Structure formats: structure tokens, C-alpha cells
1. For T355, are the conditions met, namely being among the hydroxyl-bearing types (S, T, Y), touching a Leu at 6+ places or on another chain (Cβ under 9 Å), at pLDDT 95 or above and within 21 Å of A392 (Cβ to Cβ)?
2. Quick check on D409: is it over 19 Å from L323 (Cβ atoms) and of a type in the set (D, E)?
3. Can you list the strands (runs of 3 or more DSSP E) lying wholly within the range 1-87 that have 3 or more residues being surrounded by 23 or more Cβ atoms within 10 Å (Cβ to Cβ)?
4. So which helices (runs of 4 or more DSSP H) are wholly in the range 383-459 and hold at least 1 residues that are farther than 18 Å from Q310 by Cβ?
5. Residues of the range 355-409 being touching a Ser or Thr at 6+ places or on another chain (Cβ under 9 Å) and aliphatic (A, V, I, L, M), which ones?
6. Could you tell me whether any residue of the range 304-314 is among the charged types (D, E, K, R), modelled with pLDDT of 95 or more and part of a loop (DSSP other than H, G, I, E, B)?
7. Among the numbered conditions (1) under 30 Å from N217 (Cα atoms); (2) assigned to a helix (DSSP H, G or I), tell me where L347 comes up short.
8. Looking only at residues that are assigned to a loop (DSSP other than H, G, I, E, B) and among the hydrophobic types (A, V, I, L, M, F, W, C) in the range 280-298, which one is nearest to F464 (Cα to Cα)?
Amino acid sequence: MRVLMITPEVTPFAQTGGLGEVLSSLPAALVSLGAEVDVLMPKYRRITQERFDIEKTNLRVEVDLNANTVSAGFWRLRNSGGPRVFFLECDEYYDRDDLYGDEDGDYKDNAERFVFLARSAIEMALVEDIHYDVFHSHDWQSALAPVYIRTLYAGLPLLAKSASVMTIHNLGYQGIFWHWDMPLIGVGWEYFNPRFMEFHGHVSLLKSGIVFADKVNTVSRGYCEEILTPEFGFGLEGVLQEKGSDLKGILNGVDYEIWDPHKDPMIAAGYSPGDLSGKAACKAELQVRAGLPTEPKTPLIAMVSRLSSQKGIDLVEAVIPALAAQGVQFVLLGTGEDRYQYSFRKLAQDYSENTGIFLSYDYELAHKIFAGADMVLVPSRYEPCGLNQMYAMKYGAIPIVRATGGLRDTVDQFDPDRETGAGFKFDDPEPSALKETILKALDLYRTNPVAWQNLMVRAMKQDFSWERSAREYLRLYEQAVENRARMLRDSV
């Protein structure tokens, strides 16, 4: 099975959320199971030889975009074994400080930038004369690859048997642009209709990929069910319903070579389910870093998140005064919407003895937070999968989550009578529901340390390793290839 993954993000090269971490781990897991995997992403400004072990290749492509010929080169990550990672070099599109926009909003040419990424992926295969069994697109930025395989490049022998898979990491981001970008995309106007690419008078790149892909998947089973409803479907629920059995949910995994407190070099002390003693040093380190009193018995609740309403950040904002009144310490790491950054700066001033607020992205600090926290909040309004609750459990930080999407799938509710479960869940996206659930967790933490320690051990023993999910992706690829072969037979 030979696969080309097309993505806008791969950790550590470029990341804004969980997508990058998935694309760092999933390809390697597939290779370990015998697949041949190449990964293509843009060569953003931050991806340099000084920072990463990359080398320039002789490979070049030319793409016609709306009567304008754009050429590009490719860099490659030097590595032995594992997936091959390629970087598409086109300074006109990618030599910028940020990935998708700046302080003024989204880049005005985002449609052109990511049309070019998808076209270049197909052209790379043609120039290298490689037959990929599957072209695997991730999110709207690469969603046109399935379209091109069946339209502009249809009939080419090298691509005739290639299947396409479209992974939706977050349906809330669809790549919607004005209809006059159809000539830029390069397919005929006959595809600009509700059956194919049109979405309320605009062109939707994600919808286009969903329609043309042989198989579509989301990153958890729960989210796969939710997006079939008007509440979570963002207007595409009907399109997704039409995919029928070609739509599947596959839960994201965790790379335990990176996220494991027993061997994590970024934290103050290692610990494991059999020896939790090191967690106290990690908590003390976090308290010092956050400017909080180093009190081992004071409950410390944390959140690592993008600051947006989707993540339920407004719910957390509303309960901070109540947490402070309970004597709880709270640490937040994240960036996002200006209104939330402003409000948390103010909360940090008003409750300086109880809060440590870091309005930034800091990978090492995230590790320290999971290791030092007693509890981690993930109160999302919707969550395709979520990785933080899985990281938290591995580090013995008990997750408090809203029961939606991947959060519902991965966190089993604590049951004091049966002594089962690894976290706490609530249903209503309201501050009162979050507060009530936090108070339940605090009560257990303060009144029953034995039960709390047992809860920590159960959480740390949860297994969300990538191998199981990677095997499901291999089955999905096989089904996509079979679908494509069947279509070719039927067309003869």
C-alpha cells in the first residue's frame, strides 16, 4: 500500500492544533505496519535548514493557475526509514510569518495557495512517475486532490487506479471562497452546482473533497455520528449522509514515545502508574513557573487550548471566580481570539494568587502542565477528537470534559460505586454544568485520596496508541482501492 498524504501541517515543522500532531504520528504508525507513506506539506518560512535536517531535491513542477504558470521545487527531510516528508517550496505562497493569516485576518490568496498545494501533489506523483494507491487529503487545504484525480487528471494511466481518502479533522473549517475562484481551481463550471462543489453560492473546498473522495473519515466515531445532524453538520450534513457506508470514524491516537511521563525529558521528574511519587515534583515545578504558591495539597486545574468559543473557553472564563473562591489554582496555556486573551489577562490580575495565564504556544510548557496538573479541562462545544484529554490521562491529570464527539468516546465517567472510569463528563455547554462537575471532582480529590489515586492509575493505564487506529486506516485504504477498482470494472 503506497500512500501520499497531503496536509497543511505536520509537527514539529508547522502546527496550529491537533492536525499537525496527527500527521507527525499516523504516517510513522502506518510505515511500521508495512505501508509506504510519503507526506507533502508547504515549506513555510519557519521551515529552514538551520532548524530542521532538510535538503533540496532536483524535483520541480509547474502548475497552470488561471492562465498563470507557477513553478515550485521540493525539499525533503533527511531520515532513515519512516515516512518520506516533502516540503513544497513556493515563496510566493508560503514564505510568510504565519500559516493562514495575520493580524488583519485570513490571507486574501488562501484559495490560490491551497489550490496550488493540491495540484502540486498530483504533479509530484506524475513527475516522479510514482503510482500511489491512495491520495490521502487532510482538511480543506488539501481537499481538491480527490477532485483533480477524477476531473483534470482523469484518464491518466498512472492515476487511473488511484483511490482518494478525505479526512475531516474539523468540519467547522471548510475553505469557502467566492464562486469566481472556479477558473482558478481549473475544473469546468459544470461542477459548480449543489451536487458537487457549490455551497450557497460559493465554492466549498471541503465539500468538494467529500463529494469526490472514495472514502471519507472523521477523527472519532462520536463526531462521525454528530456531523450527520444539523447541529454539528455546518450545512454539510446532507452531503455527508449521502456518503453512507463510505463515511467512517477513526479515533486519533497518541504517540507514547513523546507523551509518557515515565520518559518525558521535559518534565521535572518521571513517574508511572506503579510509582506516582514524581508527580509531586512536577506539580511544584508548574506552580513555580506559574507564579503560584507551592502548596502540594492545593488542587491545581489546568487547560491547554486554543482560545475560542468552540473550545468552551467562555465557560471556563465564567467559572474562574468560583474556582478562586474554592482555593483552587488554575493554569491556562493558549492563544486565540482577542476578546478571550483580554479577559484572561484581566482574570490574571484579579486573581493573581490563584491563576497562572500563559497567552502563547509553548510545546515544552504544555508537557509540564499535563505533568503538574491534578485536573485538565476540555469543555468543548464540539470536539472532533481532542488529544488533550488523552495526554492528560497518560500523565495522571484527570480530564473534565463535555460529553461530545471524541471526548465522549475517550473519557469514561467515574463511577464511585463500581470504581470504574477515568474522568468526569457533563452534557450541557453551560457554566453551571461545568462548575457542578468540577465541584464533584474537587470533592473526591479532597475527601478520598485513595479513590483519587486509584482514579489516576486507571487514567494512566488507558491505551490510545496509534497502532490500532493505523490498522483501521489501512482497512479504509483497502476499501477505497476496492471501490475504485469496482468503478473501473463497471465503466468498461
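The values are calculated or read from the model by the stated rules, or taken from the named source; none is laboratory data. Treat the numbers as computed from the prediction; the structure is a model and nothing was measured. Neighbour counts run over all protein chains shown; Cβ positions are idealised from the backbone, glycine included.
1. Working: among the hydroxyl-bearing types (S, T, Y): yes; touching a Leu at 6+ places or on another chain (Cβ under 9 Å): yes; at pLDDT 95 or above: yes; within 21 Å of A392 (Cβ to Cβ): yes.
When the stated conditions are applied, T355 passes them.
2. On the way: over 19 Å from L323 (Cβ atoms): yes; of a type in the set (D, E): yes.
Criteria met by D409.
3. On the way: elements: 2-6, 36-42, 54-65, 68-77.
Counting at least 3 such residues, we get 2-6, 36-42.
4. On the way: elements: 388-394, 405-410, 431-447.
Where helices (runs of 4 or more DSSP H) fall fully within the range 383-459 and carry at least 1 residues being farther than 18 Å from Q310 by Cβ, they are 388-394, 431-447.
5. L359, L377, V378, M390, M393, I400, V401, L407
6. Residues of the range 304-314 among the charged types (D, E, K, R): 306, 311, 314.
Checking the rest, the ones that are also modelled with pLDDT of 95 or more come to 311, 314.
Now restrict to residues that are part of a loop (DSSP other than H, G, I, E, B): none.
No: the range 304-314 contains no residue that is among the charged types (D, E, K, R), modelled with pLDDT of 95 or more and part of a loop (DSSP other than H, G, I, E, B).
7. Condition not satisfied by L347: (1).
8. The extreme case among them is A290.
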